[in-house]
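**Student:** Quick one: the structure is below, and I'll ask about it shortly.
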Amino acid sequence: MAHPKKGEEGYAEYLEKSNERRRIRRADPEYLAKEKRRWARQTAKREAAKKAAKGK
């Protein structure tokens, strides 16, 4: 089920719970390590695509 949109009933409660989940997740060192690896892969992929486009 989709979450309530901004201005709809229940949105404030949804936002509070969502923010709490995010705070817990961002405090987890394993999650942060995994995310940093993902960010590095994405950056490398983006840079490679730029380099390839420049070479055409």
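**Student:** So, of the residues in segment 23-32 that are part of a helix (DSSP H, G or I) and among the aliphatic types (A, V, I, L, M), which turns out to be farthest from the chain's Cα centre (by Cα)?
**Tutor:** If we take residues in segment 23-32 being part of a helix (DSSP H, G or I) and among the aliphatic types (A, V, I, L, M), then 24 is farthest from the chain's Cα centre (by Cα).
**Student:** If you don't mind, there's one more thing I want to ask. Looking at (1) touching a His at 6+ places or on another chain (Cβ under 6 Å); (2) at pLDDT below 95, find the lone condition where residue 56 falls short.
**Tutor:** (1)
**Student:** Same structure again: Just checking, which of 20, 47, 16, 35 is in a helix (DSSP H, G or I), at pLDDT 95 or above and under 13 Å from the mean Cα position of the chain (by Cα)?
**Tutor:** Going through 20, 47, 16, 35 in turn, the sole match is 35.
The values are calculated or read from the model by the stated rules, or taken from the named source; none is laboratory data. Everything quoted here is computed from the prediction, not taken from an experiment. We place every Cβ from the backbone using ideal geometry, glycine too, and count neighbours over all the protein chains shown.
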